[in-house]
Amino acid sequence: MSDVIVVAGKGGTGKTTMSSLIVLMLAQRGFGSVLAVDADPNSNLAESLGVKNVVTIADVVDKVALNPEVVPVGMGKESYIEFQIQSEISEEGGFDLLVMGRPEGPGCYCYINNVLRNCMAKLIKSYDHIVIDNEAGLEHFSRKTTRICDKLIVVSDETVVGMKSAQRILDLIQELGIVAKKKFLILNRKTKRCVASLKSSFKVDKVFCVSFDKAVALLSSKGESLKSLKKGSGIWADVKALGDEIWLKN
Ligand SMILES: Nc1ncnc2c1ncn2[C@@H]1O[C@H](COP(=O)(O)OP(=O)(O)OP(=O)(O)O)[C@@H](O)[C@H]1O
Ligand SMILES: [Mg+2]
């Protein structure tokens, strides 16, 4: 059974950056098979991971909507779409990638979300780790796309507003009855000294601090992937420490 890691947080806090670095770290360290899931219709996880020519769930759904005759006789539309998506999952550099994408027509998000949920339910047994880059809102939690969560990683910045919103996410997840076996908080783009006592005020298993890294900001401003970050320096040390704590000690 997979280890499902959900990365959540307010807009712009660093969810995609952290999801990418966790995927690259798990793959690089040989911690088992990894599926990265981009569950944000506006996201850029593929770019951040350096994966090109990705076919998204939305692409497959739109294609079938335009050409319904592609569905073989005797095969349901849903099964065909799921089969196509599974055969299109990109495999690259030690991990696979599943991208939700943005549907063309209005009001199709519900359907795409359902397809994503069904695909994940089927894929869950095939990978050791599934890392889900969630959208900024809590849509996936309230729609129950993210029903299973072994490790919830909430990303925040150091500001009071940022931390309050991280707390709101943690509260809401509890109110929605979603069981996250382990909960972690990442204080991202840290510039000051990290406050270890935050752990008790947040009721999480562990608080991690991730430094502001100039190289990350530079790559992102050029739209380049994080694959070219020098391993062992800057942010990598923080992500490696997080990996040690979460996957070696637990
Ligand atoms: N530790 C860091 N050091 C330097 N820059 C960072 C760091 N973490 C994130 N950034 C930068 O901050 C910006 C926002 O990060 P990111 O896209 O990961 O956030 P997000 O939470 O996924 O945003 P959204 O809610 O829009 O999906 C990006 O330009 C990214 O490169
Ligand atoms: Mg993002």
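A few points about this structure:
- Put a dot 7 Å past the Cα of residue 86, heading toward its Cβ, do the same for residue 203, and the two dots end up 3.9 nm apart.
- Expressed as a whole percent, the proportion of Cα-Cα pairs in the range 1-50 lying more than 15 Å apart is 44%.
- Here the Karplus relation 6.51 cos²θ - 1.76 cosθ + 1.60, evaluated at θ = phi - 60°, turns the backbone of the range 86-95 into coupling constants of 5, 7, 9, 4, 6, 10, 7, x, x, 8 Hz, with x for every Gly and Pro.
- Using the average count of surrounding beta-carbon atoms within 10 Å as a protection proxy, the listed peptides 26-35, 170-179 rank, highest first, as 26-35, 170-179.
- Across the range 6-120, Cα-Cα pairs more than 25 Å apart make up 25 percent of the total.
- Whole-angstrom Cα spans of the range 34-94 along principal axes, big to small: 38, 23, 17
- Per-residue packing, averaged as other Cβ atoms within 10 Å, sorts the ranges 234-241, 62-69, 15-22, 148-155 into the order 15-22, 148-155, 234-241, 62-69, beginning with the highest.
- Inverse of mean 1/r across different Cα pairs in the chain, Kirkwood, Å: 18.6 Å
- Unit charges on C-beta of K, R, D, E only; dipole of the range 22-113, Debye: 120 debye
- In the chain, the calculated helix contribution to ellipticity at 222 nm averages -11500 deg cm²/dmol per residue, counting -39,500 (n - 2.57) for every DSSP H run with n ≥ 4.
Values in this text are rule-based calculations from the coordinates and carry no lab data. Everything numeric here is computed off the predicted structure, so don't read it as measured data. Don't worry about glycine lacking a Cβ; one is built from the backbone with ideal geometry, like all the others, and counts go over all protein chains shown.
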